[in-house]
Amino acid sequence: MSFELAPRARWTHRDSAPKETLVAALAPENYVRPDGSIPVDVDRVRLVRALGIATAYAVENATVLGVPALGEMDTRTLGQLPLRGEMFADREHCYAASAIGRTFQVLAGPAPHVVQTITTLDGQPAVLSPPSTETGFPPLLLGAVIIVATVAFYGAICFIAQKGAAVRDRALSDAALTARMMATQARAVALVDDHHERERLAGTTLPYDAGETKVLDALTGAQRDIAQRQGTPLPDPFQGAVDSARKAVDRVGTGLEVGTIVALAVGAYVVTR
């Protein structure tokens, strides 16, 4: 996948109910219900934007350095540094980060995309804007969030934020496949960030257990199914990501059941930090 990135292209997003939206974005049942039906009573664009922010946060938090804690006067811009496989503790951690990073590339589709500097509010249409000088990034992923489009992974998130209709178009064209991928994405993002939090408390790197790996493999399988429908290989979120996924693809069957991926306890996640 290739992206044409506008110079210093940025996405600034605000949500009028950030905590509630973040919790909703991480709930798989808001993308596909246990009976396989797709909810129609949710603002899908708003949820996907919040999930994109949570994904970017979780990917950077999964690196060895993680996302530094913020003080009251600190600011942050996500996505400034190109991610590479060697920034993660091992191939297992690289696989976890690349799995959740790849979803937005798959959702955006294989065609080249233009990413512009935009401002968004909730699920409303994006507004073109000049680069913002406001870079506040308070705790809990709340308030004003700036994501800089510098690599394919961040570019895909910015594109989906900019072209909210692309989310609806995808849902109409591949409803079942996309719903399965997004429901598993919600669970996997929370899983990866919770795993990093356990590592932080333990003061050491921890292996992903069989249950966590099963969720990540299910996500990779959903991504693979859509990529095959598109006739494209699995996208590469960052250098070294594709290699980390090869064994996982071999583990994934073609008949994943939606019912196995919709249960999620959001628990403490980032809203308690």
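Annotation: of all residues in the stretch 1-17 being open to solvent by less than 70 Å² (accessible area, probe 1.4 Å) and of a type in the set (S, T, Y), the one that is modelled with the highest pLDDT is T12. Looking only at residues in the stretch 121-153 that are open to solvent by 50 Å² or more (accessible area, probe 1.4 Å) and assigned to a loop (DSSP other than H, G, I, E, B), the one that is modelled with the lowest pLDDT is P138. At negative phi, crowded, with 20+ Cβ neighbours inside 10 Å and modelled with pLDDT under 85: is that true of V192 in this structure? Considered against the rule, which asks whether it is at negative phi, crowded, with 20+ Cβ neighbours inside 10 Å and modelled with pLDDT under 85, V192 comes out as no. Screening L83 with (1) touching a helix residue (DSSP H, G or I) at 6+ places or on another chain (Cβ under 6 Å); (2) modelled with pLDDT of 75 or more; (3) under 27 Å from G231 (Cα atoms) gives one miss only, at (1).
Listed here are the residues, each with its yes/no results for (1) in contact with a Lys or Arg (Cβ under 9 Å, 6 or more places away or on another chain); (2) over 20 Å from V64 (Cα atoms); (3) surrounded by fewer than 21 Cβ atoms within 10 Å (Cβ to Cβ).
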residue: A188; (1), (2), (3): no, no, no
residue: R198; (1), (2), (3): no, no, yes
residue: L201; (1), (2), (3): no, no, yes
residue: T204; (1), (2), (3): no, no, yes
residue: G211; (1), (2), (3): no, yes, yes
residue: A218; (1), (2), (3): yes, yes, no
residue: D225; (1), (2), (3): yes, yes, yes
residue: R229; (1), (2), (3): no, yes, yes
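Among the residues of the stretch 28-62, the one identified as crowded, with 20+ Cβ neighbours inside 10 Å, part of a loop (DSSP other than H, G, I, E, B) and out of contact with any Pro (no Cβ under 9 Å at 6 or more places or on another chain) is A62. Taken together, the residues in the stretch 18-27 that are at pLDDT 90 or above and open to solvent by less than 50 Å² (accessible area, probe 1.4 Å) amount to 6. Taking into account only those residues within the stretch 89-120 that are part of a loop (DSSP other than H, G, I, E, B) and open to solvent by 10 Å² or more (accessible area, probe 1.4 Å), which is nearest to T12 (Cα to Cα)? Here the answer is T117.
The values are calculated or read from the model by the stated rules, or taken from the named source; none is laboratory data. Because the structure is predicted, anything quoted here is derived from the model rather than measured. Ideal geometry is used to build each Cβ from the backbone, glycine not excepted, and the neighbour counts take in all protein chains shown. Surface accessibility is based on the protein's heavy atoms, side chains included, excluding ligands, DNA and RNA. Shrake-Rupley method; radii C 1.70, N 1.55, O 1.52, S 1.80 Å.
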